[in-house]
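The values are calculated or read from the model by the stated rules, or taken from the named source; none is laboratory data. Just so it is clear, the model here is predicted, and its values are computed rather than measured. When we count neighbours, we look across all protein chains shown, and the Cβ atoms used for this are built from the backbone with ideal geometry, even at glycine. Keep in mind that these areas ignore ligands, DNA and RNA; they rest on the heavy atoms of the full protein, side chains included. Shrake-Rupley method; radii C 1.70, N 1.55, O 1.52, S 1.80 Å.
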Amino acid sequence: MRRFLLLLTALVAAVPAALTAAAPAQAYANAFFPTQSSGNRGADVLAIQHLLAYHGQATALTGVFDSGTVTNVKAFQTAKGLGVDGIVGPATWGALVVQIGQGAANDAVKALQVELNAKRNLSLAVSGSFDAATNTAVRNFQSHAGIGIDGIAGPITWKNLVWHYDYPVFTNMCDQDPDGNGTANWATGAAIGQVEKAAADFAATGQGKLPLGDAGFEHGGDIAGHASHEVGLDVDVWPIRTDDAQCTAGRITWESSTYDRAATRQLVQMIRAAAPGHIMAIWFNDPTLISEGLTSAYEGHDNHIHIRYCEKIHPNSLYDC
């Protein structure tokens, strides 16, 4: 009798695990396909361009949602019977992504490899061949995300991967952590692509690198000292110094003697130019830049520039362009 009861207890305990294995959980409850449209740039845009090519709409692989990409998105939407607006929202994303696994060789695999490299900081060859390394990367992401581990990129894997935040390349930036939040540098693929472009343009002027403060955590959530920075579209950068030492000599305010207004103005202009139509606000309290319409006043923003990026049809109205 005792042996029977032990066996029955073990069987009951195994039921939840069996049910979980049969029905993989949705990794991130807030995951969705982030809308991309004209003016966006970054890994998600490059993935869209590869997916368009898979569906017969050969698109220049610029990583920029340019006029050619808009035209090809409209052609794809027409072919699929979708609303034709040139914007890649959830429905268009859903039609673009395809289920692929080991052995596949096509442009959709290139899109997958682009996303894995960006979202998991990998260096897969963007070969279009779903090889053993890609299979391992997909499985590792599925494990990381807490979804069914089968090595197949299906709708759930695609949605969680595209939604997953991106981490910047610091070639033209330096990592500043004034609030002790560690590597809180994650943001959406578009936000990272846009700030990287602005940083590259600014570095080319010879005035030093762009100091990157907090953006967000890998999967969003609260950041100490920040009321926002939770949805991957808020990025802090620091103003520029007259000695170009903003990465080594510490943070300043717009009132500091070493504050370089001309260089900071140039930086803000480059931030705006890198994300046309995708800037909700730039908060920085330099009254001259405010009078020029480049920034807006906000309490507590004397020593850093807060960029709020936005997207078309974002589920949070604070980030809906």
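Numbers for the structure displayed
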read-out	value
Convex hull volume of the range 114-183 per residue (C-alpha atoms, cubic angstrom)	105 Å³
Three-way shape label, the range 65-184, alpha-carbon gyration tensor, a/c 1.5	oblate
Residues N140 and T253, FRET efficiency given R0 of 35 Å [Cβ-Cβ distance, rounded to 0.05]	0.20
Estimated FRET transfer efficiency when R0 is 35 angstrom, pair D85-N121 (beta carbons, to 0.05)	0.60
Largest-first principal axis extents of the Cα set of the range 239-321 (Å)	42, 25, 24
Between helix 132-145 and the chain: long-axis angle, C-alpha atoms, 0 to 90°, nearest 10	80 degrees
Residue-averaged [θ]222 nm for the chain, counting only DSSP H segments that reach four residues, each worth -39500 (n - 2.57)	-12000 deg cm²/dmol
For the chain, with +1 on Lys and Arg beta carbons and -1 on Asp and Glu, the positive-most of H226, T295, V126 along the dipole	V126
Volume per residue that the Cα convex hull of the chain spans, once the total is divided by residue count, Å³	168 Å³
Two-site FRET efficiency, I313 against A273, from Cβ-Cβ distance with R₀ of 30 Å, rounded to 0.05	0.80
Lysine pairs with alpha-carbon atoms under 29 Å apart, the chain, spacing 8 or more or separate chains	21
P(r) weight above 16 Å for the range 158-235, C-alpha pairs, percent	48 percent
Between 0 and 90°, nearest 10: helix 67-80 axis offset from the chain longest Cα axis	30 degrees
The range 38-131: projected area of the alpha-carbon convex hull, averaged over directions, in nm²	5.7 nm²
Cα-based helix-to-principal-axis angle, 107-120 vs the chain, degrees rounded to 10	70 degrees
Heavy-atom accessible area per residue - the range 171-217, 1.4 Å, Å²	30 Å²
Apportionment of accessible area to carbon and sulfur, the range 185-278, percent (1.4 Å)	49 percent
Value of D in µm² per second that Stokes-Einstein yields for the range 214-278, Kirkwood Rh from Cα pairs, at 25 °C (0.890 mPa s)	181 µm²/s
Convex hull volume per residue in cubic angstrom - Cα atoms of the range 200-244	85 Å³
Surface accessible to a 1.4 Å probe, per residue, for the residues of the range 107-163, Å²	36 Å²
Where Rh is the Kirkwood radius over Cα pairs, Rg/Rh for the range 169-321	0.93
